[in-house]
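Undergrad: After the structure tokens below, expect a handful of questions from me.
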Amino acid sequence: MMRLGINGTGLVQKASVDAIADHAKTAALDGFSSYWLAEHPTGGLDAMMVLTIVGLRVPEIELGTAIIPTFPRHPMVLAGQVHTLLNTIGPRFTLGIGLSHKPMMAQLGIPFDRPIGHLKEYLSVLMPLLNEGRVSYKGEMISCDATTFFKPTQATPVVVAALGPQALNVTGRLADGTTLAWVGPRTVREHIKPRISEAAASAGRMAPRIIATLPVCVTDDEEGVRAMITKTLTMYGQLPSYKAMFEREGVSEPGELALVGSQAKVSDALEELSSAGVTDFAASEFTTNRKEALQTRQLLKQWNQAHGSAQAI
């Protein structure tokens with residue numbers, strides 16, 4: 001059964017650790033299984049540091065990144081951050097990583113070269129460091145020969161923002177699952193789940209976790225909210241990797257993918273994602289007034305309670 005969590009990325013632009021911690025605390029009190037936070041490449045807010053502080057204030061709920069861009073950080077640096085976080089809040093963290101996008105890396109002056117090879121080498125270094133505390137790997141782009149001071153007592157789950165066939169193949173073979181944005185149920189059912197599951201099985205790994213995030217709003221003004229989502233988040237429909245997923249789903253703009261409308265319509269959309277193979281849905285609440293905010297959170301709580309999805313990983 002699909003577990004329900006909350007995605008707090010909408011708060012990142014506020015750059016307020018207190019606001020994010022309060023949001024995560026409310027999610028935990030409302031019974032959701034997890035809380036997820038993104039790190040914008042040029043946003044200046046360190047998601048893992050924020051989640052460390054959140055973890056000190058909010059007990060029990062699973063915390064995760066969705067996602068940390070890989071190109072700006074060597075995997076040894078990232079592993080050190082993970083070990084520090086785990087040593088502070090305990091083993092309830094899931095690391096979500098991803099390649100990000102070529103235009104975003106260009107803002108940092110970082111070449112977006114050979115992304116699939118980069119991902120394979122990155123995971124080849126990162127996974128042993130996280131799970132064994134040591135690695136000896138020499139790649140064409142990334143190398144590392146190290147033994148960490150921190151000795152892992154259990155594996156840290158790693159999920160990757162993987163959309164294309166090659167990325168899904170690498171992720172299925174080397175990581176624990178995928179974290180998706182702007183991917184609808186048809187694409188999950190026909191493209192994401194079959195490819196990543198086959199890759200995981202061929203590598204003798206457990207069935208992968210499939211985490212999805214989409215905007216959610218219970219509203220009487222479905223058309224207006226969808227239009228606002230498209231206007232506010234139009235850049236995502238222009239990025240090549242997401243554009244390809246829109247085409248697979250048969251939509252052309254972000255508002256069409258969002259879970260928007262009456263309580264019954266949003267509930268049915270959650271059911272469809274679950275049936276398609278999504279194991280975890282991290283709701284990104286996109287509301288335009290207090291009434292919508294209350295209605296949306298209430299519907300999510302009711303769905304969560306009815307489906308028994310509040311148990312954390």
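The values are calculated or read from the model by the stated rules, or taken from the named source; none is laboratory data. What you are looking at is a predicted structure, and each value in this text was computed from that prediction instead of being measured. Here Cβ is always computed from backbone atoms with ideal geometry, including for glycine, and neighbour counts include all displayed protein chains. Calculation scope for accessible area: heavy atoms of the full protein, side chains included, ligands and nucleic acids excluded. Shrake-Rupley method; radii C 1.70, N 1.55, O 1.52, S 1.80 Å.
Undergrad: Among Leu63, Gln107, Ser16, whose Cα sits farthest toward the positive end of the charge dipole of segment 1-110 (+1 at Cβ of Lys/Arg, -1 at Cβ of Asp/Glu, about the Cα centre)?
TA: Farthest towards the positive end: Gln107.
Undergrad: Of Val188, Leu259, Phe286, which is farthest on the positive side of the dipole of segment 150-293, counting Cα position, with +1 on Lys and Arg Cβ, -1 on Asp and Glu Cβ, and the Cα centre as origin?
TA: Looking along the dipole axis, the top candidate is Val188.
Undergrad: Is the shape of segment 1-157 rounded, prolate or oblate, going by the alpha carbon gyration tensor and its root eigenvalues a ≥ b ≥ c, with a/c under 1.5 for rounded and a/b larger than b/c for prolate?
TA: Here segment 1-157 falls in the oblate category.
Undergrad: Another question about this same structure. Full-extension gain between Arg186 and Leu56, please, as 0.36 nm times their residue separation minus the C-alpha to C-alpha distance.
TA: Stretched out fully, the Arg186 to Leu56 stretch lengthens by 43.0 nm.
Undergrad: Given Cα pairs under 8 Å that are at least 6 residues apart, what percent is the relative contact order of segment 161-313?
TA: That works out to 27 percent.
Undergrad: Still on this structure, I have one more. Would you please classify the overall shape of segment 164-313 from the alpha carbon gyration tensor, given that a ≥ b ≥ c denote the square roots of the eigenvalues, rounded means a/c under 1.5, and beyond that prolate means a/b larger than b/c while oblate covers the rest?
TA: oblate
Undergrad: Give me the aspartates and glutamates in straight-line cross-link reach of Lys151: C-alpha distance below 19 Å, same-chain residues under 8 apart excluded.
TA: Cα-Cα hits under 19 Å: Glu132.
Undergrad: Further question on the same structure: How far, in degrees from 0 to 90, does helix 240-249 lean away from the longest principal axis of the Cα atoms of the chain, to the nearest 10?
TA: Helix 240-249 sits at roughly 50 degrees to that axis.
Undergrad: Using a 1.4 Å probe over the heavy atoms of the protein chains, calculate the carbon and sulfur portion of the accessible area of the chain as a whole percent.
TA: 52
Undergrad: Of Ser143, Ile229, Gly177, whose Cα points farthest to the positive end of the dipole of segment 110-231 (charges on the beta-carbon: +1 Lys, Arg; -1 Asp, Glu; origin at the Cα centre)?
TA: Highest projection toward the positive end goes to Ser143.
Undergrad: With a 10 Å cut-off between alpha carbons and a GNM built on the chain, which of Ala38, Ala15, Ala258 moves the most?
TA: Looking only at Ala38, Ala15, Ala258, the largest GNM fluctuation is found for Ala15.
Undergrad: What is segment 1-106's relative contact order, in percent, from Cα pairs under 8 angstrom and six or more apart in sequence?
TA: Once normalised by length, the contact order is 26 percent.
Undergrad: Run the reach check for Lys102 against aspartates and glutamates, Cα to Cα strictly under 15 Å, same-chain hits fewer than 8 apart removed. What comes back?
TA: The reachable aspartates and glutamates, counting only those whose Cα sits under 15 Å from Lys102, are Asp113.
Undergrad: Another question, then. Suppose only helical runs count, i.e. DSSP H with n ≥ 4. What mean residue ellipticity at 222 nm does that imply for the chain under -39500 (n - 2.57) per run, divided by all residues and rounded to the nearest 500 deg cm²/dmol?
TA: Mean residue ellipticity at 222 nm (helix-derived): -13500 deg cm²/dmol.
Undergrad: Please work out the Cα center distance from segment 227-267 to segment 54-133, rounded to the nearest Å.
TA: Here the answer is 26 Å between Cα centres.
Undergrad: Per residue, how many Å² of accessible area does segment 79-188 show with a 1.4 Å probe?
TA: Averaged over the residues of segment 79-188, the accessible area is 42 Å².
Undergrad: Taking the Cα centre of segment 1-140 as origin, sum charge times position over the Cβ atoms of Lys and Arg (+1) and Asp and Glu (-1), and report the length of that vector in debye to the nearest 20.
TA: Magnitude of the dipole: close to 200 debye.
Undergrad: Sorted by mean Cβ packing within 10 Å, highest first, what order do the peptides 237-248, 2-13 take?
TA: In decreasing order of mean packing, 237-248, 2-13 become 2-13, 237-248.
Undergrad: Hey, what angle do you get for helix 222-232 against the long axis of the chain, alpha-carbon based, 0 to 90 degrees rounded to 10?
TA: 40
Undergrad: Arranged from highest to lowest average of other beta-carbon atoms within 10 Å per residue, in what order do the peptides 98-105, 270-277 appear?
TA: With the highest mean Cβ count within 10 Å placed first, the list reads 98-105, 270-277.
Undergrad: Report the relative contact order of segment 174-227, percent, no decimals, based on alpha-carbon pairs under 8 angstrom and at least 6 residues apart.
TA: With pairs under 8 Å counted, the relative contact order is 47 percent.
Undergrad: Below 29 Å, Cα to Cα, which lysines can Lys265 reach? Residues fewer than 8 away in the same chain don't count.
TA: Qualifying lysines at Cα under 29 Å: Lys25, Lys193, Lys231, Lys243, Lys291, Lys301.
Undergrad: Quick check: the angle from helix 17-29's long axis to the longest principal axis of the chain, C-alpha only, nearest 10 degrees?
TA: The angle comes out near 70 degrees.
Undergrad: What size of dipole, in debye to the nearest 20, comes out for the chain about its Cα centre when the only charges are +1 on Lys and Arg C-beta atoms and -1 on Asp and Glu C-beta atoms?
TA: 560
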